[in-house]
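Read through the structure below, which is laid out as structure tokens, and then see the notes.
Rule-based calculations on the coordinates, nothing more; no lab input. Quantities reported herein were computed from a predicted structural model and do not represent experimental measurements. We place every Cβ from the backbone using ideal geometry, glycine too, and count neighbours over all the protein chains shown.
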Amino acid sequence: MLTLTCPYCGVKADETELAPGGEAHLKRFGPESSDDDFHGYLFSRKNPRGLHFERWRHSHGCGKWFHAARDTVTLQVFGTYPAQSYAPPRDIVKAIKKRHPDWAWEASA
Ligand SMILES: [Zn+2]
């Protein structure tokens, strides 16, 4: 069972109390962008085996959206943080680097 701590209300919520929202940190492309960029924004999502940044909503709690950094293979959770963040906070980056030393943050293209 996946358990995530809501960064807003601090509740440790089981997966059944949360609603998944897909990949986090998507770069948004509007209708004025190229067809390829707009198509990619609408339909292309990463589905990695390992480290992944995801959006979750505390649907049976405070109702707010947040981001989670976790490993999809081991279910290790590196941390959760507010959805308004453009990048994971330092403490989460540090936790990720401890497990994945070669990893470096890069925003979605
Ligand atoms: Zn909450």
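Highest-first packing order for the peptide set 62-69, 82-89 is 62-69, 82-89, based on the mean count of other beta carbon atoms within 10 Å.
Our coupling estimate for segment 96-102, obtained by passing each phi through the Karplus curve with A = 6.51, B = -1.76, C = 1.60 and θ = phi - 60°, is 5, 5, 5, 8, 10, x, 8 Hz, Gly and Pro reported as x. Less than 5 angstrom separates the built amide H of LEU51 from those of THR72, all sequence-distant by 5 or more or on a different chain. Here the chain is scanned for GluC sites (Glu not before Pro) in DSSP loops (not H, G, I, E, B) that have at most 16 other Cβ atoms within 10 Å, and the longest stretch holding none of them is 33-105. Computed 3J(HN,Hα) for segment 31-38, one whole-Hz value per residue from the Karplus formula 6.51 cos²θ - 1.76 cosθ + 1.60 where θ = phi - 60°, is x, 7, 7, 5, 4, 5, 5, 5, glycine and proline marked x.
The mean sequence separation of alpha-carbon pairs under 8 Å and at least six residues apart, normalised by the residue count of the chain, gives a relative contact order of 25 percent.
For the pair segment 77-109 and segment 1-43, the centres of their Cα atoms are 15 angstrom apart. A simple charge model with +1 on the Cβ of Lys and Arg, -1 on the Cβ of Asp and Glu and nothing else charged puts the dipole of segment 3-99 at about 500 debye relative to its Cα centre.
Summarised in one figure, the compactness ratio Rg/Rh of segment 3-99, Cα atoms and Kirkwood Rh, is 1.00. Taking amide H atoms as placed 1.01 Å from N in the peptide plane, the amide H of LEU2 lies under 5 Å from those of GLU15, each 5 or more residues away in sequence or on another chain. At a Förster distance of 25 Å, what's the computed FRET efficiency of ASP14 paired with ASN47, Cβ-Cβ distance as r, to 0.05? After rounding, the FRET efficiency stands at 0.65. Taking amide H as placed 1.01 Å from N in the peptide plane, the amide H of GLY79 sits under 5 Å from that of ALA69, each at least 5 places away or on another chain.
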